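The values are calculated or read from the model by the stated rules, or taken from the named source; none is laboratory data. Everything numeric here is computed off the predicted structure, so don't read it as measured data. Virtual Cβ from ideal backbone geometry, glycine too; neighbours counted across all protein chains shown. Quick note on the areas: whole protein, heavy atoms, side chains included, nothing else; ligands and nucleic acids left out. Shrake-Rupley method; radii C 1.70, N 1.55, O 1.52, S 1.80 Å.
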Amino acid sequence: MKTILQVEDDPNDVFLFKHAMNKVGLTNPVQIATDGQEAIDYLYGEGKFADRAKFPYPCLVLLDLKLPFVMGLEVLRWIRKQHGKALPVIVLTASAEEVDIATAYRLGANGFLTKPSEIRKLEEMVKAIKDFWLTQNVLPQTSSPDACTEGTVNRVYRVEGFVANPLPAVTGKRPNEWPYNVEVIS
């Protein structure tokens with residue numbers, strides 16, 4: 001059975017989530033990272049998380065935003081910069097701020113859920129996670145390094161008569177520093 005990584009610093013929220021899991025029959029093992037750096041270390045398989053038999057790569061990340069050391073949005077940004085397996089990330093947080101929602105989706109979150117205050121509603125949310133993300137959802141085996149992430153728009157450029165995507169030898173440079181005559185064509 002595939003592992004879920006819950007990135008949550010509040011032990012009460014961890015307890016309530018596990019209780020809701022039990023109520024709806026969600027039996028996937030859950031690993032807990034209590035801060036953002038621990039989540040990155042877990043996903044990278046570094047330090048105490050190097051043993052993948054004991055700390056398997058998760059099939060789903062439930063990510064809180066307000067975390068010690070490395071904030072949730074920075075963890076999300078780090079995840080989306082990694083290449084390899086596709087990894088669904090659901091932001092599960094107390095925040096309902098529009099700026100948090102918009103930023104999370106811009107950085108590549110697959111979903112944004114606000115923690116409910118009623119246990120019945122939490123159980124419904126956990127059942128929905130189980131039914132969709134752990135039962136119905138299908139992922140590619142690998143993610144493409146050319147995939148559009150972090151709000152990036154893939155564009156096609158005409159470079160001195162040649163068409164290029166992405167633009168070669170300009171990473172990190174401003175357009176006025178590019179060594180080409182460039183025209184954006186899409």
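The table for this structure:
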{"read-out": "With every protein chain in place, region 1-133: carbon and sulfur % of accessible area (1.4 Å)", "value": "55"}
{"read-out": "Neighbour cut-off at most 10 other Cβ (10 Å), DSSP loop, trypsin sites (Lys or Arg not before Pro), region 1-76", "value": "Arg52, Lys54"}
{"read-out": "Histogram of C-alpha separations across region 1-51, 5 Å bin width, %", "value": "5, 19, 26, 23, 15, 9, 2"}
{"read-out": "Alpha-carbon centroids, region 107-142 and region 13-44: separation in whole Å", "value": "13"}
{"read-out": "Solvent-accessible area per residue, Å², over region 30-104 with all protein chains present [probe radius 1.4 Å]", "value": "46"}
{"read-out": "Within straight-line cross-link reach of Lys85, lysines at Cα separation under 25 Å, skipping those fewer than 8 residues along the same chain", "value": "Lys2, Lys48, Lys54, Lys127, Lys130"}
{"read-out": "Value of Rg to Rh for region 1-113 (Rh from inverse mean 1/r over Cα pairs, i.e. Kirkwood)", "value": "0.94"}
{"read-out": "Cα-centre dipole for region 1-62 with unit charges at Cβ (Lys and Arg positive, Asp and Glu negative), debye to 20", "value": "440"}
{"read-out": "Dipole of region 52-119, positive direction: furthest Cα of Pro58, Thr114, Met71, with charges on the beta-carbon", "value": "Pro58"}
{"read-out": "Cα shape, region 59-143, gyration tensor, a/c 1.5 rule", "value": "oblate"}
